[in-house]
Amino acid sequence: MTLKIYNTLTRRKETFISLEEGRLGIYVCGITAYDRCHIGHARSAVVFDVIVRFLRKSGFDVTFVRNFTDIDDKIINRAREEGISTEELAEREIAHFYEDMDALGVKRADIEPRATQHMTEIIALIERLIGKGYAYESGGDVYFSVRKFPDYGKLSGRDLEQLMAGARIMPGEKKVDPLDFTLWKGAKPGEPSWKSPWGKGRPGWHIECSAMSMKYLGETFDIHGGGLDLAFPHHENEIAQSEAATGKQFVRYWVHNGFVTIKGEKMSKSLGNFITIKDILSHYHPEALRLFLLSKHYRSPLDYSAESLREATSALDRCYKALFEAEEIISTPVKKQRPLPDHVKESEAFIKGLGERIQEAMSDDFNTAKALGHLFDAVRSLNRIIEASRKRPSALYREVLEGTMKEMVGASKLFGIVSQRPADYIEKRNLAALEASGLSLLTLKSLIEERNQARKEKDWTKADEIRDSLAQKGIVLKDTPSGTKWSADF
């Protein structure tokens, strides 16, 4: 199946053709390690986690690189505020990043380089740019001369006149032209620094990604990704310095995920309207957050609200409930082999085509929203099979349910959901709902015993009162041949 990717560089969908058949390299900009990750970081991480999973599932041998910026102004300033070293701060926040990503089920990249570990490559790239006349040293700083790169602005669609309107030289900067950007910053007192041909200093933000991506993926590679906010100036500057140095196309396909917003306003630390991943996961299941983040096309803005997370939780519940009920039916022995009705056979066939429909949706610019729609259509089909099997039990349902469950669980892996045993998930949700109702498990068991005794004594009024009072608290009782079972109405 042909893979189409929207390329930010060309502003259109293109048929993806990798540089090397069957293999591809993808570089995604990671975090600046100075604070806890927020939901905007989570969106980028989850989106590219699913993209990489899909590319691998499609048969590509993928080399996935995601960097850490572990030295820059924000890190230096925060470390100074806290009275710790930049190394300590970066290590702490990288550990927090892994904690958040592990909780979200985001897989590690194959290579996770840090800027401070690649000074040799960064300095060599700057020297190359100076040697070719695209960069210049000024008072210990080194700048890229934007006007010497004719294609500057091709990613963001901005021209130099536009950029000049708001450009200015900030105090302390020694650049010749307001448009020029920093490749190397001369050392200031008390700041971390590294030796270079221009004196002690540290790299500018943009140069690190060019140096590290080209080291691990080559001077031209397949896909570069990140949030839309990175397209300008970060990725624009990456293109300019990389292509100026090599004379080759830097990246063939640029992929940018849209913003997460709150009430329509972009979420960011500078605006102070961000919500950390840690805070969200203290209230919602990680897979519900993943579902929310994948519920819209990755290029579209995504508006965060508590209601959206509740809807994602309900959707996740539906998946697990259907699989849990299917497992219950499979585990219940049935001797009769009644023929299956036609609508059950149709539902089974529909679910068995799930993988192909998801592949088609994802091949159209990684359309997770459409792919998830197919998954939830399959959940509805599974529920129809479950309902039919309860009405007229048949031993033939076992094979049907085992096959459809396998198809659905396999499809869910692409999105990083339904990774728990359905029974474990349902039990945890039941206990959480019970706690929210104000009842303890001990009290509930006592009420069930009291009701069972009333039923033995044919005191149907009392039995009904207990059942109804529990139902008002969201606890549902079900009488089965093996005894009374309870579940939460979530």
Of the residues in segment 297-307 that are touching a residue at least 12 places away in the same chain (Cβ under 8 Å) and surrounded by fewer than 17 Cβ atoms within 10 Å (Cβ to Cβ), the one that is nearest to residue 231 (Cα to Cα) is 299
The condition from (1) surrounded by 18 or more Cβ atoms within 10 Å (Cβ to Cβ); (2) of a type in the set (A, V, I, L, M); (3) under 18 Å from residue 319 (Cα atoms); (4) modelled with pLDDT under 95 that residue 434 misses is numbered (3)
Here the qualifying pairs (Cβ atoms under 7 Å; residues six or more apart or on different chains; first in segment 427-447 and outside the structural domain of residue 469 (by TED's automatic domain parsing) and part of a helix (DSSP H, G or I); second hydroxyl-bearing (Ser, Thr, Tyr) and at pLDDT below 95) come out as none
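Does residue 48 satisfy the criteria of being crowded, with 19+ Cβ neighbours inside 10 Å, in contact with a strand residue (DSSP E or B) (Cβ under 8 Å, 6 or more places away or on another chain) and either more than 26 Å from residue 99 (Cβ to Cβ) or at pLDDT below 95 (or both)?
Considered against the rule, which asks whether it is crowded, with 19+ Cβ neighbours inside 10 Å, in contact with a strand residue (DSSP E or B) (Cβ under 8 Å, 6 or more places away or on another chain) and either more than 26 Å from residue 99 (Cβ to Cβ) or at pLDDT below 95 (or both), residue 48 comes out as no.
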Residues of segment 104-117 being out of contact with any strand residue (DSSP E or B) (no Cβ under 9 Å at 6 or more places or on another chain) and surrounded by 16 or more Cβ atoms within 10 Å (Cβ to Cβ), in sequence order, are 104, 105, 106
Scanning segment 36-48 residue by residue, those touching a helix residue (DSSP H, G or I) at 6+ places or on another chain (Cβ under 8 Å) and either at positive phi or part of a helix (DSSP H, G or I) (or both) turn out to be 39, 41, 42, 43, 45, 46, 47
| query | Within segment 269-280, can one find any residue that is in contact with a strand residue (DSSP E or B) (Cβ under 7 Å, 6 or more places away or on another chain), modelled with pLDDT under 95, surrounded by 17 or more Cβ atoms within 10 Å (Cβ to Cβ) and over 27 Å from residue 433 (Cα atoms)? | reply | yes
Here the residues within segment 315-351 that are touching a residue at least 40 places away in the same chain (Cβ under 8 Å), surrounded by fewer than 16 Cβ atoms within 10 Å (Cβ to Cβ) and assigned to a helix (DSSP H, G or I) are 318, 343
- Has segment 392-412 got at least one residue that is basic (Lys, Arg) and farther than 24 Å from residue 317 by Cβ? yes
Expected single match for modelled with pLDDT of 95 or more, in a helix (DSSP H, G or I), farther than 21 Å from residue 256 by Cβ and assigned by TED's automatic domain parsing to the domain that holds residue 213 among 108, 53, 128 is 128
Within segment 255-267, the count of residues that are over 11 Å from residue 39 (Cβ atoms), out of contact with any Leu (no Cβ under 9 Å at 6 or more places or on another chain) and at pLDDT below 90 comes to 3
Those strands (runs of 3 or more DSSP E) completely within segment 162-262 that have 3 or more residues that are over 30 Å from residue 309 (Cβ atoms) are 181-186, 201-203, 221-227, 251-257
Contact list, first residue from segment 3-26 and over 11 Å from residue 221 (Cα atoms), second anywhere and among the polar types (S, T, N, Q) and surrounded by 12 or more Cβ atoms within 10 Å (Cβ to Cβ), beta-carbon distance below 8 Å, six or more apart or interchain, is 3/58; 3/363; 4/363; 13/7; 14/7
Here the residues within segment 18-32 that are among the aliphatic types (A, V, I, L, M) and either within 13 Å of residue 59 (Cα to Cα) or surrounded by 20 or more Cβ atoms within 10 Å (Cβ to Cβ) (or both) are 24, 26, 28, 31
Report yes if some residue within segment 16-29 is at pLDDT below 95 and not in a strand (DSSP E or B); otherwise report no. no
Of the candidates 233, 178, 197, the one satisfying the condition of being under 25 Å from the mean Cα position of the chain (by Cα) and surrounded by fewer than 22 Cβ atoms within 10 Å (Cβ to Cβ) is 233
For this session: Output yes when any residue across segment 393-410 is farther than 24 Å from residue 47 by Cα and among the aromatic types (Phe, Trp, Tyr), and no when none is.
Result: yes
Scanning segment 356-369 for residues that are closer than 23 Å to residue 17 by Cβ and surrounded by fewer than 22 Cβ atoms within 10 Å (Cβ to Cβ), the one farthest from the chain's Cα centre (by Cα) turns out to be 356
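The values are calculated or read from the model by the stated rules, or taken from the named source; none is laboratory data. As the structure is a computational prediction, the values presented were derived from the model and not from experiment. Virtual Cβ from ideal backbone geometry, glycine too; neighbours counted across all protein chains shown.
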